[in-house]
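Nothing in this text is a laboratory measurement; each read-out follows from the coordinates by a stated rule. Being a predicted model, the structure only gives us computed values, none of them experimental.
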Amino acid sequence: MLCIKMFRIRLSEDHRAGDEAFLNDFLESCIPERVDSGLVHHPTDPFWSVLVIYRPRDEETVVEGERVLFDSYEPLTPDEEMLFMRLKAWRDRQAHEQNLPPYQVLHDAHLMTLAKVKPRNAEEMNRVKGLSARKVARYMDALSAFFRKE
């Protein structure tokens with residue numbers, strides 16, 4: 001099944017790196033069939049428009065079964081809910097330090113999954129569906145320290 005997603009890469013230095021990282025993370029999580037881009041000459045805020053036609057990546061099996069991703073429909077226990085809230089605070093600090101929107105660090109569904117799975121190493125973190133190898137490498141040390149404290 002082919003899917004389509006459009007990205008906007010803002011040209012200002014305040015946003016360009018974050019927008020590019022977001023696009024790169026997406027490209028790592030799928031099988032791109034075609035990528036087209038073009039400069040949009042907006043009068044006040046020009047940007048690159050990137051259209052990606054892709055196939056969802058068949059998730060590889062990682063340690064005892066399929067990769068997992070929980071979402072808002074999955075109930076959290078009270079302990080998981082508290083952990084989820086602390087993970088959101090951690091993510092917000094990371095986003096502030098990196099000058100990124102929080103969702104570009106980790107989505108809420110990823111945080112919910114981390115609260116349920118409580119990964120202690122990269123192998124367990126790789127079980128979270130949708131986390132690119134780049135994000136695992138980037139945040140593994142910080143998340144390992146976070147879960148050791150918990």
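For the range 3-44, what is the convex hull (Cα atoms) projected area averaged across all directions, in square nanometres?
Convex hull of Cα atoms, orientation-averaged projection: 3.4 nm².
Grab the Cα-Cα distance for Ser49 and Arg93, subtract it from 0.36 nm times how many residues apart they are, and report the gain in nm with one decimal. Can you show the working numbers first?
Numbers: separation 44, 0.36 × 44 = 15.84 nm, distance 2.91 nm.
So the chain would gain 12.9 nm between Ser49 and Arg93.
How about Lys5: which lysines have a C-alpha closer than 22 Å to its C-alpha, ignoring those fewer than 8 places off in the same chain?
Lys129, Lys135
Can you work out the Karplus-derived ³J(HN,Hα) for every residue in the range 136-150? Use 6.51 cos²θ - 1.76 cosθ + 1.60 with θ = phi - 60°, whole Hz, and x for glycine or proline.
Whole-Hz 3J(HN,Hα) from phi for the range 136-150: 4, 5, 5, 10, 4, 4, 5, 6, 4, 4, 4, 6, 5, 5, 6.
Long-range amide H contacts for Leu11: which residues qualify at under 5 Å (H placed 1.01 Å from N, peptide plane, sequence gap of 5 or more or a different chain)?
Sorted by chain and number, the residues that satisfy this are Trp48.
Per residue and in cubic angstrom, what volume does the convex hull of the Cα atoms of the range 78-149 have?
Working: hull volume 5.7 nm³, N = 72.
Each residue corresponds to 80 Å³ of Cα convex hull volume.
With runs of 4+ DSSP H residues as the only contributors, calculate the mean residue ellipticity of the chain at 222 nm using -39,500 (n - 2.57) per run, divided by the residue total and rounded to the nearest 500.
On the way: 6 runs with 72 residues, N = 150.
Roughly -15000 deg cm²/dmol at 222 nm, from the helical runs in the chain.
Kindly provide the pair-distance distribution of the chain built from C-alpha pairs, with 5 Å bins from 0 and whole-percent values in order of increasing distance.
2, 9, 16, 19, 19, 15, 11, 6, 3, 1, 0
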